[in-house]
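Read the structure below first, then the notes.
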Amino acid sequence: MAKVFYNLPMKHMGEEESRVMHHVLSVEQFDSAQLEELFIEADQFRDQVADPEQRRDLASRYVGRQLCSLFYEPSTRTRLSFEKAAANFGMIPISTENAREFSSASKGETIEDTVKVLNEYGFDIIVLRHHETGATSQAASVSETPIINAGDGKGEHPTQALLDAHTIFRKFGRLDNLRVAIGGDLANGRTARSLAQLLSHYKGNHLSFVSIPELQIGEDIKVKLRESGTGFEETADMYDALRDADVVYWTRLQRERLENPDALPKGGFTIDALALEVLPQDAIIMHPLPRVDEIDPQVDSDPRAQYFPQAGNGLYVRMALIDQILN
Ligand code: NCD
């Protein structure tokens, strides 16, 4: 098995007691060999799930193991695809979907204490989404149970980037030498941040960040791009970026992370029939979803629209990730 996971010594333990644990916290943990292995496995699971006999075999693979999904923020795809992935292996998913309101967090409990308690219960994996940037790393620092970051505030969403990369790889057979237009709320969107970082691990990519100045991608990401020699530009001209794009990665305004979203200038960033006219025929349009109004539903029937299959890929990538953790 490839060493996919970040080795994180427990902060509260002495040197001799310190154990190595396996968490998935950031795309920075993955190199190209690990990613390729994950994609191969994801495609194998895709085939197995499609075959009734193999699907039955898969369902006994991790019987008796349990996955806890602890979500402090709303989710449809991430939570349900992780739980479905676990169920496909015969695992029992146990879930709290609005932990910000319904867990002891509402009484003032820290994420560290909550995770220490879940460690006592002996889950095999904890999938954690939290509204605070860095909360998943804090949780991992006190957790022997593997933690998977399912999105931490404005920080990262590594498993989304893995399924995004898988989607790109399935189309182009590579993750290098691509022109990628990443648009929307790049200041607050963690999926765009994770994908940009992941693409910077590959040679020859060129990223066009399409947004208004108020919502441009963070300086920390730009520093990483410069350090890795990944070309990028920032523009408010969507058409300019679409004209020669291989991949269009569009995202919504993260209203929940903005104090006054309605004060922002509007318009000019909707992928619609006109935008399709300038986009190359063999490009793909991606979106982590949910979309609000930044992609016109008219676009859905265009063969370049790949956001629904992209979401579907998440199931198999997450199965592969669970398998690598438990195997
Ligand atoms: C994303 C997220 O939670 O960051 N959703 C997802 O997991 N597909 C994107 C978003 O909410 O805009």
Given charges at Cβ of Lys, Arg, Asp, Glu: the chain dipole, positive-most of LEU35, LEU67, PRO52: PRO52
Point-charge dipole on Cβ atoms (K/R +1, D/E -1) for the chain, about Cα centre, debye to 20: 400 debye
Euclidean distance of C-alpha centroids, region 266-327 and region 127-158, integer Å: 25 Å
Gain upon complete extension [THR133, GLU256; 0.36 nm per residue less C-alpha separation]: 42.9 nm
If each of LEU264 and GLU277 carries a label point 7 Å out from its Cα toward its Cβ, how far apart are those two points in nm? 2.7 nm
Furthest towards positive pole of dipole, VAL24, VAL299, MET91, structure part the chain, Cβ charges: MET91
Taking the Cα centre of region 38-145 as the origin, how large is its charge dipole in debye, to the nearest 20, when only Lys and Arg (+1) and Asp and Glu (-1) carry charge on their Cβ atoms? 220 debye
Of the DSSP beta bridges with both residues in the chain, give the percent that are antiparallel, rounding to the nearest 5. 5 percent
Full-extension gain in nm, ASP51 to VAL63, via 0.36 nm per residue minus C-alpha separation: 2.4 nm
Everything considered on the Cα gyration tensor (a ≥ b ≥ c; rounded for a/c under 1.5, else prolate if a/b is larger than b/c, else oblate), region 207-305 must be described as oblate
Indicate the gyration tensor shape class of region 34-150 (rounded, prolate or oblate), computed on the Cα atoms with a ≥ b ≥ c the square roots of the eigenvalues: a/c under 1.5 is rounded; otherwise a/b larger than b/c is prolate and the rest oblate. prolate
Test of understanding: ordering ASP323, ASP31, ASP164 by Cβ neighbours within 10 Å, fewest first, what list do you get? ASP31, ASP323, ASP164
If we count other beta carbons within 10 Å of each Cβ, what is the order of SER26, SER95, SER104, fewest first? SER104, SER95, SER26
Can you run phi through the Karplus equation (6.51, -1.76, 1.60; θ = phi - 60°) for region 297-313 and list ³J(HN,Hα) in whole Hz, with x for Gly and Pro? x, 4, 6, 4, 7, 6, x, 6, 6, 10, 5, 7, x, 4, 4, x, 4
Given a Förster distance of 56 Å, the FRET efficiency implied by the Cβ-Cβ spacing of ILE92 and ASP296, rounded to the nearest 0.05, works out to 0.85
With a ≥ b ≥ c the root eigenvalues of the C-alpha gyration tensor of region 142-274, is it rounded (a/c under 1.5), prolate (a/b larger than b/c) or oblate? oblate
Tell me, what ³J(HN,Hα) does each residue in region 90-100 have, in order and in whole Hz, if you take phi through Karplus 6.51 cos²θ - 1.76 cosθ + 1.60 with θ = phi - 60° and put x for Gly and Pro? x, 7, 9, x, 10, 9, 10, 9, 9, 5, 4
For THR110, THR145, THR251, what ranking results if the residue with the fewest other Cβ atoms within 10 Å of its Cβ goes first? THR110, THR145, THR251
Quick one: Cα centre-to-centre distance for region 198-252 and region 31-64, in angstrom? 32 Å
Could you give the size of the charge dipole of region 32-98 about its Cα centre, using +1 on the Cβ of each K and R and -1 on the Cβ of each D and E, expressed in debye and rounded to the nearest 20? 300 debye
Using the charge dipole of region 205-282 (Lys, Arg: +1 at Cβ; Asp, Glu: -1 at Cβ; taken about the Cα centre), state which of ILE217, THR230, ILE271 has its Cα farthest towards the positive end. ILE217
Calculated from backbone phi, Karplus (6.51, -1.76, 1.60) coupling profile of region 24-30 in Hz, x at Gly/Pro: 10, 10, 8, 5, 4, 6, 10
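Each reported figure results from applying straightforward, stated rules to the coordinates on display, with no laboratory input. What you are looking at is a predicted structure, and each value in this text was computed from that prediction instead of being measured. Positions of Cβ are generated from backbone atoms using ideal geometry, with glycine treated the same way; all protein chains shown enter the neighbour counts.
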